[in-house]
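What follows draws every value from the coordinates through simple rules; no lab data is involved. Everything numeric in this text was worked out from a predicted model, so none of it was measured. In this analysis, Cβ positions are derived from the backbone assuming ideal geometry, glycine residues included, and neighbour counts consider all displayed protein chains.
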């Protein structure tokens, strides 16, 4: 298992706009359409990464909890589907339904959006405020496959609580660790 860290995009960065195919609804979704009234979470994930598989249940739980608090959620897969066919749009759709994703699962075929966000790994989490300014980037929590630490989403939950409550997040923001995005050659 490769262990690639997040690149840690500078806080305050404005969310790059996008218009991508949602594999679940078979419609195009834009940043404007998925943003929430109180903030937005953008996750770079994929179907096959063991780090993502490890956190799937927690990202679903967090999305369900915080959508009710006005946070918009979306997931994006940017992997090269020629060399990693298990991440194809058809399989993304089936995976999203199987996992019960309550958010769009977008396909970044050109990988331009992953590059715009400076995404490096799966999972990679970004939280933006109502002005689409980056207020958090990094890990879900300290749990990793086989490290024995509990999966609880504490880092992301804390960032979202701060956002919803209008507080500054002064906690240390640690990079996410996961599989590298499978870039096209």
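Of note:
- Candidates 50, 104, 85, ranked by Gaussian network fluctuation over the chain, Cα under 10 Å, top entry: 85
- Proxy reagent accessibility, fewest Cβ within 10 Å first, across 115, 149, 29: 149, 115, 29
- The overall shape of region 71-118, judged from the alpha-carbon gyration tensor, is oblate: a/c is not under 1.5, and a/b is no greater than b/c.
- Between region 117-172 and region 1-78, the Cα center-to-center distance that results, in Å: 11
- Ranked by how many other Cβ atoms sit within 10 Å of their own Cβ, fewest first, the residues 128, 18 fall in the order 18, 128.
- Region 1-132: C-alpha gyration tensor shape, a/c 1.5 cut-off, then a/b vs b/c: rounded
- Taking the inverse of the mean 1/r over every pair of distinct Cα atoms in region 57-185 gives a Kirkwood hydrodynamic radius of 15.7 Å.
- The mean sequence separation of alpha-carbon pairs under 8 Å and at least six residues apart, normalised by the residue count of region 4-180, gives a relative contact order of 33 percent.
- Of all the options 97, 64, 174, the one that moves most in a Gaussian network model of the chain with Cα springs shorter than 10 angstrom is 97.
- Rounded, prolate or oblate (a/c below 1.5 giving rounded, otherwise prolate when a/b exceeds b/c) for region 1-55 by Cα gyration tensor: oblate
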